[in-house]
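Following: one structure in structure tokens, then a few remarks.
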Amino acid sequence: MKHRLKQLIGITLVIFLGTFLLSWPAVLRLIIQSELQQARKNGHHISWSGLSTGMKSASVESLTVWVPGPKIKGGLSIPVSVDLQGVAVALHAAPLLMLQPSVAFETLLYGGSIKGDADLTRSNSKLSARVDNVEVGKHPQIAALGVRGGTLTGRIDQMVFDPAGPSQGTFSLSVRQLSVPALGTAKTLLRIDDLGAFDLDTAGTVTPKAIEISSLRLVSEFGEASGQVTAQNHLTGSPNISGELHVSLSQHGSQVLGPWLPLIPGAGLQSDVRTFYVRMAPLPCSQARAGGAFISLGGGCAKLSFTRG
């Protein structure tokens, strides 16, 4: 009797496991669809097509996510679409058994690709990824503004994202031959229609207290700027910005920008200056317009001071 009972239990388990394994791709599809639909209900603008699943993988032919764009006049932020193609995700089995989902992913994006790994939990996520040859100028909304080129390459390592934003990790980023048109005041004052192409290289570290860009270098036909910038309390929405940049103007840069240097409030620079330092110190935005030069970034402001290099 006991032997038959054991056989019955064994057969039942085999049938159950077999049924589960056969139905798992369909179950995984329902889970993913449910999560995507829940994200949409939570106010995230997202759309997808061609969802398919396997035993340890999932893919979509296209995935479009709308993210907040930079603020323009009046504080209005226009959403920007990110169009991913051929998104593929593979589940790592061992972490999944411990209820700590871990995935490998890859996708095509504007002529380039993104590949990486992510660990997902309810409270945060950890991401490592490599970006290769993504061309900024192929983004339709950005291209409509007259932006061309801009090959983007970079990586982020062990970047932890909390609900408030990134709190830990390292990053490096390079942009090559990004061309932007001269707009507004720049076009009127400088009397040029195109700012030309520029290259950007940057690398840094993120902690819960600050984002530290330890290496920053910008090169264009106007010259070169290099240095470091730190944004403390970045998770609060009102970061304290500090840093120092060394600016070296080319001959063309001196001809175009030189006449405007004496007009920078409190700078004390003459039109023939070719090299100078720009230092940034935290300043409450309520005091920023009291005098001198300042910048506003991400809800925080910084006072600018200038010295000859």
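State whether one or more residues within region 49-70 are assigned to a helix (DSSP H, G or I) and either at pLDDT below 50 or exposed (fewer than 11 other Cβ atoms within 10 Å of the Cβ) (or both). Within region 49-70, none of the residues are assigned to a helix (DSSP H, G or I) and either at pLDDT below 50 or exposed (fewer than 11 other Cβ atoms within 10 Å of the Cβ) (or both).
Between Ile32, Ile15, Ile9, the distinction of being more than 30 Å from Leu297 (Cβ to Cβ), surrounded by 14 or more Cβ atoms within 10 Å (Cβ to Cβ), out of contact with any Cys (no Cβ under 9 Å at 6 or more places or on another chain) and modelled with pLDDT under 80 belongs to Ile32 only.
Just one of (1) of a type in the set (Gly, Ala, Ser); (2) open to solvent by 60 Å² or more (accessible area, probe 1.4 Å); (3) not in a strand (DSSP E or B) fails for Gly253. It is (2).
Within the span defined as region 188-201, every residue fails to be at pLDDT 95 or above, hydroxyl-bearing (Ser, Thr, Tyr) and out of contact with any Pro (no Cβ under 8 Å at 6 or more places or on another chain).
Taking the condition within 30 Å of Gln158 (Cα to Cα), assigned to a strand (DSSP E or B) and touching a Lys or Arg at 6+ places or on another chain (Cβ under 9 Å), does Ala225 pass? Yes: the conditions hold for Ala225.
Among the residues of region 238-249, those that are more than 21 Å from Arg274 (Cβ to Cβ) and open to solvent by 40 Å² or more (accessible area, probe 1.4 Å) comprise Ser238, Asn240. For region 274-284, the condition of being over 25 Å from the mean Cα position of the chain (by Cα), over 30 Å from Pro166 (Cβ atoms) and open to solvent by 60 Å² or more (accessible area, probe 1.4 Å) holds for at least one residue. Summed over region 73-101, the residues that are at pLDDT 80 or above and either over 25 Å from Gly150 (Cβ atoms) or β-branched (Val, Ile, Thr) (or both) give a count of 6. Among the residues of region 256-286, those identified as in a loop (DSSP other than H, G, I, E, B) and at pLDDT 90 or above are Leu269, Gln270, Ser271, Asp272, Val273, Arg274. Selection of region 157-189 for residues being of a type in the set (A, V, I, L, M, F, W, C) and either assigned to a loop (DSSP other than H, G, I, E, B) or open to solvent by 40 Å² or more (accessible area, probe 1.4 Å) (or both) yields Phe161, Ala164, Phe171, Leu173, Ala182, Leu183, Leu189.
None of Val229, Val206 is under 20 Å from Ile295 (Cβ atoms), touching a residue at least 24 places away in the same chain (Cβ under 8 Å) and crowded, with 18+ Cβ neighbours inside 10 Å except Val229. Residues in region 140-156 that are closer than 30 Å to Asn124 by Cβ, modelled with pLDDT of 90 or more and open to solvent by less than 60 Å² (accessible area, probe 1.4 Å): Leu152, Thr153, Gly154, Ile156. Of all the listed residues (Leu216, Leu235, Leu249), the sole one being in contact with a Phe, Trp or Tyr (Cβ under 8 Å, 6 or more places away or on another chain) and among the aliphatic types (A, V, I, L, M) is Leu249.
The values are calculated or read from the model by the stated rules, or taken from the named source; none is laboratory data. This structure is a prediction, so every number in the text was calculated from the model and none was measured. Cβ atoms come from the backbone with ideal geometry, glycine included; neighbour counts cover every protein chain shown. All accessible areas refer to the heavy atoms of the entire protein, side chains included, with ligands and DNA or RNA removed. Shrake-Rupley method; radii C 1.70, N 1.55, O 1.52, S 1.80 Å.
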